[in-house]
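Notes follow the structure.
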Amino acid sequence: MLTLKLALRTLARRSGRMALIGSLVALGTFVVVFGATFASSAAEASRDAIVEHFTGDLIVYSSKAKDLPSPFAFNTPLPRIRDAEAVEAFLRALPGVRAIAPYAQNYGIVQAEREGRKVDLPFVFYAIEPASYAEVFGPIRPSSGSALGGSGGERGLMISEYQNGQYEENYGLRLAPGERVTLLGVTEGGVGAAASTVLGTFAPERYASVFNYINFLDAGSYAELYSFAGVEALPEAFERGLAAAEAGEDAIFGLAGDASLSSLDLGGLVAAPLSGATMIAVRLEGRGRLREVMGAIEGAGAGLEIKAAPWDAASGFYAQISRALQAFIFAATALIFLVVALIFTNTLIINVTERAAEIGTMRALGADRSFVGGLFVAEALALNLASAAVGMLAAGAAILAFAGRGLPLPETVSQFLIGGGPLPLRPAAWPFALGTAVAVLVSILATAYPVRVAASIAPVKAMGDK
Amino acid sequence: MPVVELRKARKEYRLGQTRVEALRGVDLEIERGEFLAVAGPSGSGKSTMLNLVGCIDVPSSGQVLVDGVEVGSLGDRELTRYRREKIGFIFQSFNLIPVLDVYENIEFPLLLKKGFAKKEREALVMRFVEEVGLADRLRNKPGELSGGQRQRVAIARALVSKPLIVLADEPTANLDSETGARIVELMRQINEEEGTTFIFSTHDAHIMGKARRVVRILDGRVEDAGAAPGTGKE
C-alpha cells in the first residue's frame, strides 16, 4: 500500500515526463491491439477470399504434377487428372466434403470474324462445369448476355469486360453476346479447333486484378477443343481380348480360334467426352476437417493418381502476401515497443539518478533493496498499465468503428489481400490480452536495469544532497 | 557499556585515481544518553564518522560497534534492519520525501519497521508532531513548509520509532541562526526528556556551545574527544 501510494504520487509529481512516456506506451498498445486485430482480420479475410475465389479449402490434382497448383498456371497447365470421374465420385463420397468443382486452366485463341476478316484474339481461361463451379465459388454473374450453364445448359464462353475492352483497344473489335467464334487450342498433335458462342460478359466483383484477365469456357467445349474423348463402351470381343491379356499368354493363345476377334466393328463405337480437368477444388463442411480430408485423399492417392494441396499452398503468392503482411505488422509493433522500452528505460535511469538522495534517504531510514525495487516496478506498472488501458480503449473504439463499414485500404493492397474493397475488422479478445501482456512485459524488461541501479544506491547517498 | 565505540576506524575513498583518507584510525566511545557534537572544518571527516556510526557506511578497517554489535561484519540486509531499529537520522537538507505530507513523512519509519497497528502509529506520530509544534501543518507537503518546519518534521521522523541513537549531520546548516538555535534546543529538550542519544556534526561555534560534549576532528583524526558527562572529566 505504501509502495503504491509513493509510486502514484511520484508519477503525479513528474506528470510531464510521465505523460510523454505514457503517451508512447498508449500508442504502442494501440498499435499492438489494432495491428494484431488488423493482421488477424486480414489473415481471415484473405483466407476466405482465396478459398472462395481460387482454391476452395483444398485442391486435388494429378500426382504426376511437378508443380503445386496455382491460380496463374495458364502457360504451364498441370497434367490432366487421369480418371476424373472416379476421383470426383471418390471425393463426393468423402465425409466432410461439401462440394467439389473440377476445372482446368489453359490459354488459346478466339477467332472472330469482322467484315470477312478473321481476327485472332488471345484468350486465357478457366474451363469449368458451371453448376459445380457455382457450388464452390459462386455463380459468374453476366454483366451482359447470359451465363454459362444457364437454364438451358448453355455452352460457350464468357469474356471479362476488361478483356473485351482490351480486345477493342488492341484489335479493334469487341466480342458481343451471341457471337459465333472459333476456339483454337494448341494440342500435342497440332492445333485443335471448335466452334463456340460468346454467351456473355462479366465484371468480377473481387480480385479484379486477376479475373479481369481470366475468361470462362464450359468444360464440354474445352474437352472438344483438345479432343479429350474416349468411347462409351468397347465391343464385347474386345473386352474378352483385354481380359485375356490380363490373364497371361495361355489365355491369349486360347483366343486364337475366336472368330469374333477376326474383324472388330469399329463403326459401332460411341465417343464419350473425357474431362480435361487438371484440378478439383474441394469445399469442406468446416475448415477443421482439412487434415482429415487431406489424409483420406493421400490414402487413396496412389490408386487414383492424385494428390492434394491445402488452400494456402495452392494459392500462389496470395497466402504468402497475407503472412508477410502479418509478419510486417508484428515486426513493426515489436520495433515500436523496443523503442518505447528503450526510452522508458532511459527515462527511469534519469529518474533514478535524480532521485538518488531520496532513495538513499529511504535506505538510511531502513527501507531494504526490495522496497526500493518494488517502488520502481510499481511506478512502471502503474504508468504502463494505465497507459495501456488508454491505448486499448482507443484501439477498441477504432476496431468497433471499422468492424461494420470496414477499414479502407489502398486498392492495390486490398486487391492482393482480400480481392478488393474495405477490410471488415473482426473484434477478438486475444489482441487485448496480447496488449496487456506486452505492456506488462515491457514494464518488467524496461524496469529491470533501472531497478537494479536504484536498489544498488547506497544509503550514504542520502548525504549527497547537501 | 558505550552505545557507540570506534576502534581504530579508518575510511578511505577513491576519487578517480586519487585515494582519499577520510578517517585515519579513530578511537572514540559514546555513552548512552549523550548530547554530543562532532566539530571540525569542512572535509575534516565529521560526516564520514557519522555515516559509520549510522551504519550507512562501513569502515575500510578498524571496528565500529553500535550497541555492542560490530557493524562492519553485517551484510546489507542486517545493516538495513539495524538502521531501522536503532538509528534515527536528521539530515542537513532535511531529506523529507517530497510526495508525502508531514504526517506521512513522520509515519514512514513506522511503516518500514512494521508491527505497529494504525492506532498505535497515529498515537506515536501525533505525539511527536505536537512535540515539534507542527500539529496545524499535518497535511502540508514539504514544499509548503519553511526550512525550520521541515527540520522539525525530520526530527519527529527521526524520533518516532524510538531509536537508540539520533544522528544529525549539520542539522542547522541550512537554517538561519535563530531557527538553528531553536532546533538544537528542541533536540536537547528531547534528549533530556527521552534519554535518546544525540550525535550531531557542526562547525557552528554557537551550536557547539549547546552540546554537553564536543568531539573535535581534524584531517580524519580526533583532536579532542571531549569528556563524557558523568565520567568526571568534564
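The values are calculated or read from the model by the stated rules, or taken from the named source; none is laboratory data. Values in this document were obtained by computation on a predicted structure and should not be read as measured data. Cβ sites come from the backbone with ideal geometry, for glycine too, and all protein chains shown count toward neighbours. Accessible surface is based on the protein model in full, side chains and every heavy atom, while ligands, DNA and RNA are left aside. Shrake-Rupley method; radii C 1.70, N 1.55, O 1.52, S 1.80 Å.
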Discussion item. Condition check: over 24 Å from residue A:413 (Cα atoms), surrounded by fewer than 17 Cβ atoms within 10 Å (Cβ to Cβ) and in contact with a helix residue (DSSP H, G or I) (Cβ under 9 Å, 6 or more places away or on another chain). Does residue A:187 satisfy that?
Written reply: yes
Worksheet item: What residue, of A:431, A:427, is of a type outside the set (Phe, Trp, Tyr), open to solvent by 50 Å² or more (accessible area, probe 1.4 Å), in contact with a helix residue (DSSP H, G or I) (Cβ under 6 Å, 6 or more places away or on another chain) and more than 14 Å from chain B (Cβ to nearest Cβ)?
Response: A:427
Practice prompt. Kindly establish whether residue B:208 is farther than 24 Å from residue A:361 by Cα and among the aliphatic types (A, V, I, L, M).
Written response: yes
Response to the item:
residue A:205: passes all of (1) among the charged types (D, E, K, R); (2) open to solvent by less than 40 Å² (accessible area, probe 1.4 Å); (3) modelled with pLDDT under 90 but (2)
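Conditions tested, residue by residue: (1) under 17 Å from the mean Cα position of the chain (by Cα); (2) in contact (Cβ under 8 Å) with a residue 40 or more places away in the chain; (3) over 17 Å from residue A:309 (Cβ atoms).
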| site | (1), (2), (3) |
| --- | --- |
| A:64 | no, yes, no |
| A:70 | yes, yes, no |
| A:78 | no, yes, no |
| A:109 | no, yes, yes |
Item to complete: Output the number of the condition that residue B:110 fails; it satisfies all remaining conditions of (1) within 18 Å of residue B:167 (Cβ to Cβ); (2) among the hydrophobic types (A, V, I, L, M, F, W, C); (3) more than 9 Å from chain A (Cβ to nearest Cβ).
Response: (1)
Discussion item. On the basis of being under 21 Å from residue A:53 (Cα atoms), assigned by TED's automatic domain parsing to the domain that holds residue A:126 and under 34 Å from the mean Cα position of the chain (by Cα), does residue A:165 make the cut?
Written reply: no
Worksheet item: Of all residues in region B:48-78, how many are surrounded by fewer than 21 Cβ atoms within 10 Å (Cβ to Cβ) and of a type outside the set (Asp, Glu)?
Response: 13
Worksheet, complete the sentence: Only one of (1) touching a helix residue (DSSP H, G or I) at 6+ places or on another chain (Cβ under 7 Å); (2) modelled with pLDDT of 90 or more; (3) open to solvent by 30 Å² or more (accessible area, probe 1.4 Å) does not apply to residue A:142, and that is (1)
Worksheet item: Has region A:121-132 got any residue that is open to solvent by 30 Å² or more (accessible area, probe 1.4 Å), out of contact with any Leu (no Cβ under 7 Å at 6 or more places or on another chain), assigned to a loop (DSSP other than H, G, I, E, B) and closer than 24 Å to residue A:227 by Cα?
Response: yes
Discussion item. Can you pull out every residue in region B:85-103 that is without any contact (Cβ under 8 Å) to a residue 60 or more places away in the chain and more than 8 Å from every other protein chain (Cβ to nearest Cβ)?
Written reply: B:101, B:102, B:103
Worksheet item: In this structure, is residue B:40 more than 8 Å from chain A (Cβ to nearest Cβ) and in contact with a Leu (Cβ under 8 Å, 6 or more places away or on another chain)?
Response: yes
Discussion item. Can you tell me which condition residue A:425 does not meet? The list is (1) closer than 30 Å to residue A:211 by Cα; (2) in a helix (DSSP H, G or I), and all the others hold.
Written reply: (2)
Discussion item. Yes or no: region B:44-51 includes at least one residue that is more than 16 Å from the chain's Cα centre (by Cα) and at negative phi.
Written reply: yes
Fill in: Some residue of region A:15-33 being more than 14 Å from chain B (Cβ to nearest Cβ) and on the phi > 0 side of the Ramachandran plot
no
Practice prompt. Considering each of A:309, A:302 in turn, give the residue that is surrounded by fewer than 14 Cβ atoms within 10 Å (Cβ to Cβ), touching a residue at least 24 places away in the same chain (Cβ under 8 Å) and not assigned by TED's automatic domain parsing to the domain that holds residue A:442.
Written response: A:302
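Here's the yes/no breakdown for (1) under 21 Å from residue A:59 (Cβ atoms); (2) in a loop (DSSP other than H, G, I, E, B); (3) touching a Leu at 6+ places or on another chain (Cβ under 8 Å); (4) open to solvent by 50 Å² or more (accessible area, probe 1.4 Å):
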residue	(1), (2), (3), (4)
A:136	yes, no, no, no
A:147	no, yes, yes, no
A:153	no, yes, no, no
A:164	no, no, yes, no
A:170	no, no, no, yes
A:177	no, yes, yes, yes
Practice prompt. Filter region A:330-368 down to residues that are crowded, with 17+ Cβ neighbours inside 10 Å, within 14 Å of another protein chain (Cβ to nearest Cβ) and farther than 20 Å from residue B:161 by Cα, then give me how many there are.
Written response: 4
Discussion item. Please go through (1) at pLDDT 90 or above; (2) under 18 Å from residue A:7 (Cα atoms) for residue A:439 and return the number of the only condition it doesn't satisfy.
Written reply: (1)
Worksheet item: Does residue A:440 satisfy the condition of being in contact (Cβ under 8 Å) with a residue 60 or more places away in the chain and either surrounded by 15 or more Cβ atoms within 10 Å (Cβ to Cβ) or more than 22 Å from the chain's Cα centre (by Cα) (or both)?
Response: no
